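Below is one structure, written out as structure tokens, with a few remarks after it.
What follows is calculated from the coordinates using simple rules that are stated; it is not laboratory data. Just so it is clear, the model here is predicted, and its values are computed rather than measured. Counting neighbours? That spans all protein chains shown, and the Cβs are built from the backbone with ideal geometry, glycine included.
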Amino acid sequence: MAEHPAYPVGLRLTGRRVVVLGGGQVAQRRLPALIAAGADIVLVSPRATPSVEAMADAGEIAWRRRPYRDGDLADAWYALIATSDHDANTRASAEAAAHRVWCVRSDDADAATAWTPATGHSEGVTVAVLTTDARGRDPRHTAAVRDAVVEGLRDGTLVAPHHRTRTPGVALVGGGPGDPDLITVRGRRLLAEADVVIADRLGPRDLLAELPPHVEVIDAAKIPYGRYMAQEAINNALIEHAKQGRSVVRLKGGDPYVFGRGMEELQALAEAGIPCTVVPGISSSISVPGAAGIPVTHRGVAHEFTVVSGHVAPDDERSLVDWPSLARLTGTLVILMGVDKIGRIAETLVAHGKSPDTPVALVQEGTTAAQRRVDATLATVAETVRAQDVRPPAVIVVGPVVAVGPPAAE
């Protein structure tokens with residue numbers, strides 16, 4: 001038998017009896033997939049791990065709390081033998097062969113009639129990797145191959161073209177704070193499958209270089225606006241490309257809905273009858289402080305954090321932020337898009353009760369190779385920004401959490 005490779009096949013076990021002998025770690029790893037396959041599972045074991053016992057308590061499996069007995073496999077379609085009793089395993093394996101039940105053995109793969117492949121899943125595809133030579137079985141290598149294939153499918157580095165017609169539409173993808181490794185798996189996959197990418201300057205620009213040559217990349221900041229406002233021009237570009245039957249990705253920095261105008265784009269697409277998928281992203285409001293060693297909450301220091309936009313000053317009639325109330329909070333204040341307004345913001349916070357000595361950190365180009373952290377206080381932040389030439393994009397953190405971690409490098 002060892003001279004011939006195993007024949008790969010997918011078993012459809014819905015409603016069919018599967019017998020698992022042994023309730024230890026092997027069963028704990030294998031049972032979830034059998035449950036997901038809809039199998040009628042009978043566990044035979046005097047003991048089980050807490051996780052396996054929880055599956056029985058939830059009614060996902062039937063548990064016979066005793067050792068294996070001859071006849072347990074008579075009506076099974078498939079069997080997993082994983083007890084610590086080698087003699088019982090051998091007898092059960094012989095019974096499986098007598099009843100022509102495909103049988104996996106955890107203790108002796110060569111004595112089994114079936115092997116369990118290393119499996120992974122990505123967007124409706126199951127990847128199963130099986131060693132073809134019984135004499136050279138290397139489970140770690142098999143698992144590594146599985147992981148490499150699944151990761152490639154998920155992050156878009158391994159692109160498998162869709163041969164069926166794709167439904168044209170738009171995906172609003174949050175690209176994260178800037179580091180290309182911080183985009184979500186789903187976002188990266190959609191980016192790899194796109195025909196057109198309309199990108200913000202704050203999105204993970206390094207990912208654009210990985211796109212195939214046929215993908216049209218449009219810089220949202222350079223769309224000819226004509227008689228339209230900037231956002232209207234972007235909305236129209238999304239609609240026009242989608243109506244041409246293309247798969248469009250709107251690649252945005254951070255999260256589409258955190259000061260990203262994602263809802264405006266979604267509403268415009270909905271009015272035009274264009275299907276849209278929203279892929280959340282990691283917001284710079286928490287990731288950039290974290291990358292700079294600042295926790296936005298910390299036990300005994302801050303029990304809440306508030307994220308506000310600082311793109312308009314506190315005394316501007318367009319401001320929707322209740323700055324006096326923010327000054328009375330004891331937690332962390334995270335300000336986005338506020339570098340050029342931080343002087344007036346600091347004055348307002350101090351005027352309404354915040355201590356001038358409150359620590360402030362400005363993190364410029366967070367999570368990228370150009371990341372830079374500058375520390376100050378509310379009393380000194382305006383002058384510090386000028387003296388240190390802090391420029392957008394930068395995330396500003398106000399509160400005692402700034403002093404929890406390591407200070408900015410000299």
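How about region 231-313: which GluC sites (Glu not before Pro) there lie in a loop by DSSP and see at most 12 other Cβ atoms within 10 Å? Write out the running numbers ahead of the final one.
Working: sites: E232, E240, E264, E265, E271, E304; in loops: E304.
Answer in residue order: E304.
Top mean-square fluctuation among D200, D147, D72, Gaussian network model of the chain, C-alpha springs under 10 Å?
Largest GNM mean-square fluctuation: D72.
State, to one decimal in nm, how far the label point of E240 lies from the label point of R47, with both points 7 Å from Cα in the Cβ direction.
Label-label distance for E240 and R47, simple model: 7.1 nm.
What FRET efficiency comes out for E383 versus D315 if R0 is 25 angstrom and r is the Cβ-Cβ distance? Round to the nearest 0.05.
On the way: r = 20 Å, r/R0 = 0.79.
Taking R0 as 25 Å, the efficiency between E383 and D315 is 0.80.
What percent do you get for the relative contact order of the chain when only Cα pairs under 8 Å and 6+ apart count?
Details: 782 pairs, mean separation 41.9, N = 410.
Relative contact order here is 10 percent.
What is the dipole size for region 1-116, taken about its Cα centre, with +1 at each Lys and Arg Cβ and -1 at each Asp and Glu Cβ, in debye to the nearest 20?
Numbers: 13 positive and 14 negative charges, 58 e Å.
That gives a dipole near 280 debye.
Identify the trypsin sites (Lys or Arg not before Pro) of region 1-90 meeting these criteria: DSSP loop state and at most 16 other C-beta atoms within 10 Å of the C-beta. Mind showing how you got there, number by number?
Numbers: sites: R12, R16, R17, R29, R30, R47, R64, R65, R69; in loops: R12, R16, R47, R65, R69.
Sparse-neighbourhood loop trypsin sites (Lys or Arg not before Pro): R12, R16, R47, R65, R69.
How many angstrom separate the Cα center of region 29-93 from the Cα center of region 235-296?
Their Cα centres are 47 Å away from one another.
Could you go through region 204-217 in sequence order and give the Karplus-derived ³J(HN,Hα) for each residue, using 6.51 cos²θ - 1.76 cosθ + 1.60 with θ = phi - 60°, rounded to whole Hz, and x for Gly and Pro?
x, 5, 4, 5, 5, 5, 8, 6, x, x, 6, 6, 8, 9
Using the Karplus equation 6.51 cos²θ - 1.76 cosθ + 1.60 (θ = phi - 60°), what ³J(HN,Hα) coupling, rounded to whole Hz, does each residue of region 257-269 give in order, writing x for Gly and Pro?
So the J values, rounded to whole Hz, are 9, 9, 6, x, 6, x, 5, 4, 5, 4, 5, 5, 5.
Tell me, what ³J(HN,Hα) does each residue in region 362-367 have, in order and in whole Hz, if you take phi through Karplus 6.51 cos²θ - 1.76 cosθ + 1.60 with θ = phi - 60° and put x for Gly and Pro?
Values per residue, Gly and Pro as x: 10, 10, 8, 6, x, 6 Hz.
How high is the relative contact order of region 285-403, in percent, with contacts defined as C-alpha pairs under 8 Å that are six or more residues apart? Present the calculation step by step, with values, prior to reporting the outcome.
Working: 236 pairs, mean separation 37.4, N = 119.
It rounds to 31 percent for region 285-403.
Fully extended, how many nm does the chain gain between A233 and T119 (0.36 nm per residue separation, minus their Cα-Cα distance)?
On the way: separation 114, 0.36 × 114 = 41.04 nm, distance 4.52 nm.
Roughly 36.5 nm would be gained on extension.
Arrange M263, M55, M337 by Cβ neighbour counts within 10 Å, fewest through most, would you?
M263, M337, M55
Quickly work out the D206-to-A148 label distance, labels modelled 7 Å from Cα along the C-beta direction, and quote it in nm with one decimal.
So the label points at A148 and D206 sit 2.2 nm apart.
Anyone know which of I342, I41, I282 comes out most mobile in the 10 Å Cα GNM of the chain?
Of the options given, I41 has the highest mean-square fluctuation.
Could you work out how much longer the chain between V217 and A109 gets when fully extended? Use 0.36 nm per residue separation minus the Cα distance between them, nm to one decimal.
Answer, rounded to one decimal: 33.8 nm.
Among L269, L43, L202, which one shows the highest mean-square fluctuation when the chain is modelled as a Gaussian network with alpha-carbon springs under 10 Å?
Looking only at L269, L43, L202, the largest GNM fluctuation is found for L43.
Under 5 Å between amide H atoms, partner at least 5 residues away or on a different chain: which partners does Y78 have, H built in plane at 1.01 Å?
Placed amide hydrogens put V19 under 5 Å from Y78.
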